[in-house]
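One structure is given below, encoded as structure tokens.
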Amino acid sequence: MSSIIDYILWRGDLTFDQAPLNEVDNLIFSNLTYLNFNGLVPESFDKTTTLREAAFRNWDDRKPADMAIFQLLQTAANSRRFGNLKLCGFVDKTDVETEIQFSAITFVLPGKEIFVAFRGTDNSIVGWKEDLNMAFMAPVPAQTEAVAYLQKACRHFCRPFSKTRVIAGGHSKGGNLAMYASSFCDEKTRKNLTAVYNNDGPGFAKALLGEGVISPILKILHTFVPQDSIVGMLLDHDEPYTVVQCDGIGIAQHNPITWNIQGNHFVRSPNRSKLSVRTDTVVQSWLAGISIEERRIFVNTLFDLLEEAGIRYAEDITNNSLSKLIAIGHKLTKLDTEAREIMLKSAKELLFGDWL
């Protein structure tokens, strides 16, 4: 079955003037956000560079761990469809103290159309923590940044009588940010939105934000999840979603490179897998069984343990994993009674919940 790279090789000779943006293009833009464009794409919306120019500068010290994303960049840059697209407004913020991991970039398409793309979670532990903070905090810093970024992009491109069409999207947390920014932006910005894409991104905690969070954008929202979706089922979802057939098993399907493409659309699957449904049931049961304060204690304690074990990035977990697990176990015994009980209760529910 074809992938997003195969799609570019097949459709890359058609410009956006010839074939309008579609759901597969959305996933490509959303995936490209994971690249480090610092110094390659202007922070300002006033200046631009083409995707081709950005792709063929010096990447020796910035190539991603997932080389499939770099291959996607190179393939797209060599195509007629994507190579001459203008890029601007690249922002990349990560701060441990304020617990934020946020990045966004704007693609300028022909015919007065822009795609505002938000990055999902990177390999930093602070990025992971901000995701889990959504279970007890609203908004998290990245969501606030996303609203400001979308409004700023619209103020620049959507001047009076410009009739510029705005599309927002992202993968994983980036999908959540696209939904949040589009739902909570000012009315002037929302009037210019023609579509919002959420690619396997988590929802929102109704206990914090209430009902109908995304009601302002429901008519233009497109949510896609893989068959084994785990991340995309987290928290609460009010919107309908489309299930995509994927290669791989389990969490591996979260990677957009595994999503199956046919022509200019995703290959549909009638239902989510049993694994996705069971995982969702267990996580929802856990969330329903603990208070907002207990969620806060669980998340903060978990990441305090990781930090004290010297884990800053995802790869640190697998490097010297035994010694780090021993360090975490030792720190766990030193916790105060309330925190230790919440950690053990949560671990029991998540590890041994209703899986059968």
(message) Quick check on the range 227-248. Is at least one of its residues under 28 Å from Leu35 (Cα atoms), of a type in the set (Phe, Trp, Tyr), open to solvent by 50 Å² or more (accessible area, probe 1.4 Å) and touching a helix residue (DSSP H, G or I) at 6+ places or on another chain (Cβ under 6 Å)?
(response) no
(message) Give me the residue from the range 104-121 that is outside any strand (DSSP E or B) and open to solvent by 10 Å² or more (accessible area, probe 1.4 Å) and, out of that set, nearest to Cys154 (Cα to Cα).
(response) Lys112
(request) Would you confirm whether any residue within the range 90-103 is open to solvent by less than 30 Å² (accessible area, probe 1.4 Å), assigned to a strand (DSSP E or B) and either farther than 30 Å from Asn300 by Cβ or without any contact (Cβ under 8 Å) to a residue 40 or more places away in the chain (or both)? (result) yes
(request) Please go through the range 142-172 and pick out each residue that is surrounded by fewer than 21 Cβ atoms within 10 Å (Cβ to Cβ) and either among the aromatic types (Phe, Trp, Tyr) or in contact with a helix residue (DSSP H, G or I) (Cβ under 7 Å, 6 or more places away or on another chain) (or both). (result) Val147, Gln151, Phe161, Thr164
(request) Tell me which residues, restricted to the range 3-40, are open to solvent by less than 10 Å² (accessible area, probe 1.4 Å) and either more than 26 Å from Ser124 (Cβ to Cβ) or part of a loop (DSSP other than H, G, I, E, B) (or both). (result) Tyr7, Ile8, Gly12, Ala19, Val24, Asp25, Thr33, Leu35, Phe37
(message) Residue under question is Pro202, and the condition is that it be under 24 Å from Lys348 (Cα atoms) and assigned to a loop (DSSP other than H, G, I, E, B); does it hold?
(response) yes
(request) Enumerate the pairs (first residue in the range 269-282 and over 11 Å from Asp228 (Cβ atoms); second residue anywhere and small (Gly, Ala, Ser) and surrounded by 14 or more Cβ atoms within 10 Å (Cβ to Cβ)) with beta-carbon separation below 7 Å, excluding pairs fewer than 6 apart on the same chain, so at least 6 apart or on different chains. (result) Val282/Gly353
(request) Just name the residue that is farthest from Val244 (Cα to Cα) out of those in the range 179-199 that are more than 20 Å from the chain's Cα centre (by Cα) and part of a loop (DSSP other than H, G, I, E, B). (result) Asp186
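Each row is one residue, and each column tells you yes or no for (1) modelled with pLDDT of 85 or more; (2) more than 27 Å from the chain's Cα centre (by Cα); (3) more than 29 Å from Asp236 (Cα to Cα); (4) not basic (Lys, Arg).
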{"site": "Arg278", "(1), (2), (3), (4)": "yes, no, no, no"}
{"site": "Tyr313", "(1), (2), (3), (4)": "no, no, no, yes"}
{"site": "Ile317", "(1), (2), (3), (4)": "no, no, no, yes"}
{"site": "Ser321", "(1), (2), (3), (4)": "no, no, yes, yes"}
{"site": "Leu332", "(1), (2), (3), (4)": "no, yes, yes, yes"}
(message) Condition first: at pLDDT 95 or above, charged (D, E, K, R), more than 24 Å from His222 (Cα to Cα) and assigned to a helix (DSSP H, G or I). Can you find one or more residues in the range 68-87 that meet it?
(response) yes
(request) Identify all residues within the range 1-60 that are of a type in the set (Lys, Arg) and either in contact with a Leu (Cβ under 9 Å, 6 or more places away or on another chain) or farther than 14 Å from Arg80 by Cβ (or both); write none if there are none. (result) Lys47, Arg52, Arg57
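The values are calculated or read from the model by the stated rules, or taken from the named source; none is laboratory data. In this text the structure is predicted, and so the values were computed from the model without any measurement. Virtual Cβ from ideal backbone geometry, glycine too; neighbours counted across all protein chains shown. Note: areas computed on protein heavy atoms with side chains; ligands, DNA, RNA excluded. Shrake-Rupley method; radii C 1.70, N 1.55, O 1.52, S 1.80 Å.
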